[in-house]
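Okay, so here's the structure we're looking at.
The values are calculated or read from the model by the stated rules, or taken from the named source; none is laboratory data. Keep in mind that what you see is a predicted model, and the values were worked out from it rather than measured. When we count neighbours, we look across all protein chains shown, and the Cβ atoms used for this are built from the backbone with ideal geometry, even at glycine. Ligands, DNA and RNA are stripped out before the accessible areas are found, and what is left, the full protein with its side chains, is counted by its heavy atoms. Shrake-Rupley method; radii C 1.70, N 1.55, O 1.52, S 1.80 Å.
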Amino acid sequence: MSEGPEPSDDSVAPDPATDRRNVVDRYRGWSVEAIRADLAARSHPFHVAVENLAHDFNIGSVVRSANAFGARAVHVVGRRRWNRRGAMVTDRYLDVRHQPDAAALHGWARAHGLPVVGVDNVPGAVPLETDELPRECVLLFGAEGPGLSAEALAGCDRVVEVSQFGSTRSVNVGAAAAVVMHAWVRRWVFDQQVQGPSLRRDPDEA
């Protein structure tokens, strides 16, 4: 879907009849400031963080998913500049913050009493499908390719992985982020309980 023109002043509300922005009908005719305020008031108590070590084009997709699933904020870790193309302008309605490095992110999380849940398919990671994500937390994703840096992993309170059954080593970070955020929503918005490891079904038994 193509994006319509955005008002130059975030406080200006467009005409609802001509508002062609990529927003749900509820927000037609609302100013950017008004949308940001409403989303912030209704946001969920999880934050999303993603390492930006090589100007990863997937960060925009992560931001867009964070907007869709109602994240409290997104933290871009590392390089300040990030590729906004995949965000489809959703970053204008969301609190996007910068953390200079993983140590700064972990320090911020500790100061706010938030456990950091790393997401990567590394040894010792717990399957997302059998682990209950904390209600208040930071979901931390690595850069496309290398995954979480050693510094980022070292500060995590736990690490989960998205279970895979094909030949590829990993799904891209944009897809993984959407899967994990949706898992949080299923647990804490729809109260869907997590099944324990003993209840996992072997795909070969299907």
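When the chain is fully extended, how far beyond the present Cα-Cα distance does ALA111 get from ALA40, taking 0.36 nm per residue of separation? Write out the running numbers ahead of the final one.
Numbers: separation 71, 0.36 × 71 = 25.56 nm, distance 2.05 nm.
So the extension gain works out to 23.5 nm.
Heads up, I need the accessible area for LEU94: 1.4 angstrom probe, whole protein in place, Å², nearest 10.
10
With the crude spin-label approximation of a point 7 Å out along Cα→Cβ, what separation in nm comes out for PHE57 versus ASP95?
3.1
In what sequence, largest accessible area first, do CYS156, CYS137 appear using a 1.4 Å probe?
Descending accessible area places them as CYS156, CYS137.
Using a 1.4 Å probe on the protein heavy atoms, what percent of the accessible area of region 1-154 belongs to carbon and sulfur?
Values: 3850 of 7480 Å².
The computed percentage sits at 51.
Return, ordered by residue number, the residues of region 113-155 whose backbone nitrogen is under 15 Å from a label point located 7 Å along Cα→Cβ of ALA103.
Label zone hits: 150-155.
Along region 80-96, what does the Karplus equation 6.51 cos²θ - 1.76 cosθ + 1.60 (θ = phi - 60°) give for ³J(HN,Hα), rounded to whole Hz, x for Gly and Pro?
3J(HN,Hα) across region 80-96, in whole Hz: 6, 7, 9, 6, 8, 4, x, 6, 6, 6, 5, 5, 5, 9, 10, 7, 10.
Find the centroid of the Cα atoms in region 64-87 and in region 94-171, then give the distance between the two in whole Å.
15
What do you reckon, how do HIS98, HIS182, HIS112, HIS106 stack up by accessible area (1.4 Å probe), largest on top?
Values: HIS98 55, HIS182 85, HIS112 110, HIS106 10 Å².
Largest to smallest exposure gives the sequence HIS112, HIS182, HIS98, HIS106.
Counting only helical runs of four or more DSSP H residues, what would the 222 nm mean residue ellipticity of the chain come to if each run contributes -39,500 (n - 2.57) and the total is spread over all its residues?
Helix contribution divided over all residues of the chain: -7500 deg cm²/dmol.
Leaving ligands, DNA and RNA out of it, rank MET88, MET181 by accessible area with a 1.4 Å probe, largest first.
Listed by decreasing accessible area, they come as MET88, MET181.
Let me cross-check THR18: its accessible surface, 1.4 Å probe, with only protein heavy atoms counted, in Å² to the nearest 10?
Probe radius 1.4 Å; accessible area of THR18 about 90 Å².
What ratio of Cα Rg to 2.2 N^0.38 Å holds for region 72-146? Present the calculation step by step, with values, prior to reporting the outcome.
Details: Rg = 13.7 Å, N = 75, 2.2 N^0.38 = 11.3 Å.
For region 72-146, the normalised Cα radius of gyration is 1.20.
How far, in nm, would the chain grow between ARG169 and GLU33 when pulled straight, counting 0.36 nm per residue and subtracting the alpha carbon separation?
Separation in residues times 0.36 nm, less the Cα-Cα distance, equals 44.8 nm.
Can you give me the accessible area per residue for the chain, using a 1.4 Å probe, in Å²?
53
Find the relative contact order for the chain and round it to a whole percent, using C-alpha pairs within less than 8 Å whose residues are 6+ positions apart.
Values: 356 pairs, mean separation 38.7, N = 206.
Taking the mean separation of contacting Cα pairs over the length of the chain, I get 19 percent.
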